[in-house]
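What follows is a short report on a single structure.
The values are calculated or read from the model by the stated rules, or taken from the named source; none is laboratory data. This is a predicted model, so every value here is computed, not measured. Note that we place each Cβ from the backbone using ideal geometry, even for glycine, and neighbour counts take in every protein chain shown.
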Amino acid sequence: MPRRTTINGQVHIRRSAARIHHSGVRRPATGSLLRTVTIHLPLLYNPTRFGVRLPIGFWKLRRTLREMQARFSGFTLSLVLGWCREDGVWDPAFRIEFDAEYSSRLVTELDLWKQRLQSRFVQRSIYMRVLTCPRFLIH
């Protein structure tokens with residue numbers, strides 16, 4: 001709820017950028033929760049019918065990271081190793097994590113972006129997960 005203050009007889013309304021609720025969950029001013037989005041960008045193409053896996057061009061990773069820098073105020077990048085049961089192989093990937101305000105627009109954008117990444121990286125699937133309730137330590 002906006003705070004009203006009176007200065008020199010004029011009413012000023014101050015809206016906070018974020019609110020901290022008793023549960024410790026940070027809520028943006030619009031009232032929707034922040035969600036943590038995780039994406040795994042593969043470093044190798046899917047195996048060919050002969051089982052050969054070629055490295056993905058660095059330009060594809062660079063282009064994707066530039067898109068991230070333009071779209072989000074911050075994100076975390078780390079190297080991970082995941083297991084793919086379908087192909088029976090270990091799969092090296094870059095894990096990208098960022099927080100975003102959850103909305104139907106975000107879901108639509110992520111769905112479109114996932115399709116674009118699958119096409120760009122020539123993958124059957126790109127791992128993408130949205131966690132429902134990040135909690136922040138507040139001191």
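What the table shows:
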| read-out | value |
| --- | --- |
| Conditions (1) free of Cβ contacts under 8 Å to residues at least 60 places away in the same chain; (2) within 16 Å of Leu43 (Cβ to Cβ); (3) touching a Leu at 6+ places or on another chain (Cβ under 9 Å); number of the one not met by Met68 | (2) |
| The range 28-54, residues that are of a type in the set (Lys, Arg) and either modelled with pLDDT of 95 or more or surrounded by 12 or more Cβ atoms within 10 Å (Cβ to Cβ) (or both) | Arg35, Arg53 |
| Test for Trp59: is it among the aromatic types (Phe, Trp, Tyr) and at pLDDT below 95 | no |
| All positions within the range 122-139 that are over 11 Å from His40 (Cα atoms) and either modelled with pLDDT of 95 or more or among the β-branched types (Val, Ile, Thr) (or both) | Val122, Val130, Thr132, Ile138 |
| Unmet criterion (only one of (1) loosely packed, with under 15 Cβ neighbours inside 10 Å; (2) over 11 Å from the mean Cα position of the chain (by Cα)) for Phe72 | (2) |
| Lone qualifier among Asp99, Asp87 - being acidic (Asp, Glu), out of contact with any helix residue (DSSP H, G or I) (no Cβ under 6 Å at 6 or more places or on another chain) and loosely packed, with under 15 Cβ neighbours inside 10 Å | Asp87 |
| Filter pass, Leu110 being more than 30 Å from Phe50 (Cβ to Cβ), touching a residue at least 60 places away in the same chain (Cβ under 8 Å) and touching a strand residue (DSSP E or B) at 6+ places or on another chain (Cβ under 6 Å) | no |
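Rundown of residues vs (1) of a type in the set (D, E, K, R); (2) assigned to a loop (DSSP other than H, G, I, E, B); (3) in contact with a Cys (Cβ under 8 Å, 6 or more places away or on another chain), yes/no style:
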{"position": "Met68", "(1), (2), (3)": "no, no, no"}
{"position": "Ser73", "(1), (2), (3)": "no, yes, no"}
{"position": "Leu77", "(1), (2), (3)": "no, no, no"}
{"position": "Asp99", "(1), (2), (3)": "yes, no, no"}
{"position": "Thr108", "(1), (2), (3)": "no, no, no"}
{"position": "Asp111", "(1), (2), (3)": "yes, no, no"}
{"position": "Gln118", "(1), (2), (3)": "no, no, no"}
{"position": "Ile126", "(1), (2), (3)": "no, yes, no"}
